[in-house]
1. Of all helices (runs of 4 or more DSSP H) completely enclosed by segment 383-478, which ones contain at least 1 residues that are closer than 30 Å to ILE82 by Cβ and out of contact with any Gly (no Cβ under 7 Å at 6 or more places or on another chain)?
2. Can you name the residue in segment 315-352 that is touching a residue at least 24 places away in the same chain (Cβ under 8 Å), among the aliphatic types (A, V, I, L, M) and in a helix (DSSP H, G or I) and is also surrounded by the fewest Cβ atoms within 10 Å (Cβ to Cβ) among such residues?
3. If we scan segment 395-411, do we find a residue that is closer than 20 Å to ALA47 by Cβ and of a type in the set (Val, Ile, Thr)?
4. Among the candidates GLU413, GLU430, GLU467, GLU394, which residue alone is modelled with pLDDT of 95 or more, acidic (Asp, Glu) and more than 30 Å from THR192 (Cα to Cα)?
5. All but one of (1) at negative phi; (2) touching a residue at least 12 places away in the same chain (Cβ under 8 Å) hold for GLY204; state the number of the condition that does not hold.
6. Can ILE3 be described as touching a helix residue (DSSP H, G or I) at 6+ places or on another chain (Cβ under 9 Å) and either farther than 21 Å from HIS255 by Cα or not in a loop (DSSP other than H, G, I, E, B) (or both)?
7. Looking at (1) on the phi < 0 side of the Ramachandran plot; (2) buried (at least 19 other Cβ atoms within 10 Å of the Cβ); (3) touching a helix residue (DSSP H, G or I) at 6+ places or on another chain (Cβ under 9 Å), which is the one condition that is false for ASN130?
8. What do you reckon, is GLN484 in a loop (DSSP other than H, G, I, E, B), of a type in the set (S, T, N, Q) and loosely packed, with under 14 Cβ neighbours inside 10 Å?
Amino acid sequence: MRILYLDLDTLRPDHLGCYGYHRNTSPNIDAIARRGVRFANYYCSDAPCLPSRAALVTGRFGIHTGVVGHGGTAADMRPEGIYRGFSSWLSTGTIAGMLRMAGFRTALVSPFAERHGAWWFYAGFDEIYNTGKSGMESAEDVTPTVREWIKRNAKSDNWFLHVNYWDPHAPYRAPLEFGNPFQNDPLPSWLTEEVLEKHREMVGPHGARELNMYDSYVSSEFPRHLGEVRNMTDFRKLIDGYDCGIRYMDQHIGHILDDLDKESVLDETAVIVSADHAENLGELNLYAEHATADYITCRIPMIISWPGGSSDRQVRSLHYNLDLLPTLAELLGQEPNPRWDGKSYASVIGGGEDAGREYLVVSQCAHTCQRGVRFGRWMYIRTWHDFYHLFPDEMLFDVQADPHEQVNLAMDEPELCEKASDLLESWREEMARTMPAGYGDPMETVLAEGGPYHARKQLQRYCQFLEKTGRSWAIPELRRRHPQEPWK
């Protein structure tokens, strides 16, 4: 058995052809989807990068691992305490650790652990290849290492190769010589001149006028990236930059698939395609960022092409990224670990019925402090820290009719908000019952330590930018909402 896991940072499913996108961004990923199962409602439990991969590799919610943010206490995995054995449970309880116990040779090509100081990410791997640019890699920095590994190992049995590409992550970085295959393609139709003009009057880091988070600085190192979105020409540059990153990465994935085919092992190799989180491209006035616990940031692709499994099948029920670990364990005949929060969907891969979840709870504590509840056709979002966007405490979106979250229905649907709030509270109670001794909700820790990492001690600086750009109207309300921030 051979398994290739393609970990594609910041990849939106609705920008892939196999998920219905109108641009030809992903011919090689689409080919994998035709050979496998495609999940339409797959979500990271905790966003963005660091919390999401902590949940993925451990099969546990961030509220249990403690990793929900990008800095402070909530960026570190909780100690195991008195229950720690001679070796940490991570050596056998992660995806790589479980696979190594099952007889696989495990290899990782990724700079992720160094980028976030997340050394637990290496747990269970026999071979580790750090591509060396701390997440600023382009595909040409990653692919040669992967191809060389395949050349040496493809014909061996029982290997797991985890490959991490970064090209869809901002700043958008496809080499200029790659060109722009989308320059004549239509843009996503939902964002009109009127919507953009409204966004330009709104406030919030990574908004239309401050893509550099708190200002509109542009780096000459990344000519495809923007400092602000002034008009529809800029919006095209933004979308084309993101889509070129996907297409350039997809081209490199094609090289890997070709190499496996030349080694005569492609048909015998399980190929899994997924992401840590997606990317808001204007939704909620967030551009080129993944800062919310919403339908856009947390919905990710999941494609599994498994030898002997279902082909060209779409699954619509609800699943988390942390469900992958128990799924792989079941597919390989391994016992589930009692620490895992994930639930196996192995039956789906073999063509059986799908036992999805009734609802999902997703969390974000790196930019905002939010939790979202995905149920039925609805996405409910509760905000404790608004990342200076002046979000209301509650938002509710009909993501079937309004997938870009333009119309907040919370005031019109109080009963649905109450239902979602009850589901959120039930989830929190369930998590509390299974919490490690002595620990509480890490979101409360984030708030107690001064708020999300990317929002700490930034408001005074940001208000100066708001004054400069004619939006000082928002400053009194920002001060009221965030009285703990230092002011002159």
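1. On the way: elements: 414-433, 442-448, 459-468.
Answer list for segment 383-478: 414-433, 442-448.
2. LEU331
3. Yes, segment 395-411 contains a residue that is closer than 20 Å to ALA47 by Cβ and of a type in the set (Val, Ile, Thr).
4. The conditions single out GLU430.
5. Condition not satisfied by GLY204: (1).
6. yes
7. Of everything listed in (1) on the phi < 0 side of the Ramachandran plot; (2) buried (at least 19 other Cβ atoms within 10 Å of the Cβ); (3) touching a helix residue (DSSP H, G or I) at 6+ places or on another chain (Cβ under 9 Å), ASN130 misses just condition (2).
8. On the way: in a loop (DSSP other than H, G, I, E, B): yes; of a type in the set (S, T, N, Q): yes; loosely packed, with under 14 Cβ neighbours inside 10 Å: yes.
Against the criterion (in a loop (DSSP other than H, G, I, E, B), of a type in the set (S, T, N, Q) and loosely packed, with under 14 Cβ neighbours inside 10 Å), GLN484 qualifies.
The values are calculated or read from the model by the stated rules, or taken from the named source; none is laboratory data. Keep in mind the model is a prediction, meaning the values are calculated, not measured. Note that we place each Cβ from the backbone using ideal geometry, even for glycine, and neighbour counts take in every protein chain shown.
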